[in-house]
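A quick write-up on the structure given underneath.
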Amino acid sequence: MALLKPGEGADAYKAKILGYLAGADFLALQVAAPEKLASLIAGLSADDLARRPAPDKWSIQEIAAHLADDELVGAYRIRLILSAPGTAIQAFDQDVWARTGRYASIQTRASVEMFRILRQANLALLHSLTPAEWNLSGIHAERGAESIRDIAMYYAGHDLNHSAQIEAIRHLIPPIVVDSG
């Protein structure tokens with residue numbers, strides 16, 4: 001995904017991601033996400049985890065690595081905004097990160113564990129925020145002003161988006177046939 005110019009596609013992205021929430025409690029969704037991810041990879045072989053649904057689409061292994069990396073980015077962004085409200089928030093090209101971060105070679109279970117640990121740390125911080133801190137914002141290079149509340153909501157929708165992608169990939173994996181004869 002190429003980086004967008006400010007405002008270019010930002011509204012469509014926000015609508016898509018927030019659409020996954022359907023009014024649900026975004027913090028409860030974030031709490032549930034690590035276990036959901038772990039359950040989605042349960043029972044899959046290394047080959048299943050590395051299977052790409054199409055040449056230009058990520059595998060489950062790569063999605064899990066992306067979720068861990070993105071949680072790290074979110075941790076930084078939230079802490080940056082808390083320490084310097086109004087700060088610039090740099091965008092990143094997720095496909096470049098996938099390539100340079102070698103997502104296809106990271107053990108999926110290690111990515112899930114990293115995601116779980118980072119999410120717990122982020123949730124602890126989010127649960128400690130004052131009402132005023134939830135409204136502190138930074139200026140995202142592509143999406144404009146984003147409050148900490150916005151970021152937390154985007155992360156919940158982002159989780160649901162990638163869970164749906166993993167579920168779709170799982171449906172492409174042929175079932176194991178046991179010869180009972």
Open item on the list: What number does the chain give for Rg over Rh if you use C-alpha atoms and the Kirkwood radius?
Closed with: 1.00
- [ ] Can you list which of the trypsin sites (Lys or Arg not before Pro) found in the stretch 75-181 are DSSP loop residues with at most 11 other C-beta atoms within 10 Å?
- [x] Arg102
- [ ] Can you tell me how much longer the chain between Trp97 and Lys57 gets when fully stretched, taken as 0.36 nm per residue apart minus their C-alpha distance, in nm with one decimal?
- [x] 13.0 nm
Task: Anchor Lys16: aspartates and glutamates whose Cα lies under 20 Å away (excluding residues fewer than 8 positions away in-chain) - done: Glu8, Asp25, Asp70, Glu71, Asp93, Asp95, Glu142, Glu146, Asp150, Asp159, Glu167
Open item on the list: Using only the alpha-carbon atoms, how far is helix 108-128 inclined from the longest principal axis of the chain? Give it as 0 to 90 degrees, nearest 10.
Closed with: 30
Task: Residue among His127, His162, His66 with the largest mean-square fluctuation in a Gaussian network model of the chain, springs linking Cα atoms under 10 Å - done: His127
Task: FRET efficiency estimate (nearest 0.05) - Cβ-Cβ, Ala141 to Ala104, R0 30 angstrom - done: 0.65
TODO: Specify the angular offset, from 0 to 90 degrees and rounded to the nearest 10, of the alpha carbon long axis of helix 148-172 from the longest principal axis of the alpha carbons in the chain.
DONE: 10
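How high is the relative contact order of the chain, in percent, counting Cα pairs under 8 Å that sit 6 or more residues apart? Before the final figure, lay out the partial values.
Numbers: 191 pairs, mean separation 69.2, N = 181.
RCO, the chain: 38 percent.
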Open item on the list: Can you tell me the orientation of helix 26-41 relative to the chain, as the angle in degrees between its alpha-carbon axis and the longest Cα principal axis, to the nearest 10?
Closed with: 20
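At a Förster radius of 25 Å, what calculated FRET efficiency corresponds to the Cβ-Cβ distance of Leu123 and Arg170, to the nearest 0.05? Write out the running numbers ahead of the final one.
Numbers: r = 26 Å, r/R0 = 1.05.
Efficiency for this residue pair is about 0.40.
Rule-based calculations on the coordinates, nothing more; no lab input. It should be emphasised that the depicted structure is a prediction, and the values quoted were computed from it without experimental measurement. Using ideal geometry, Cβ is built from the backbone for each residue, glycine included, and neighbour counts are taken over all protein chains shown.
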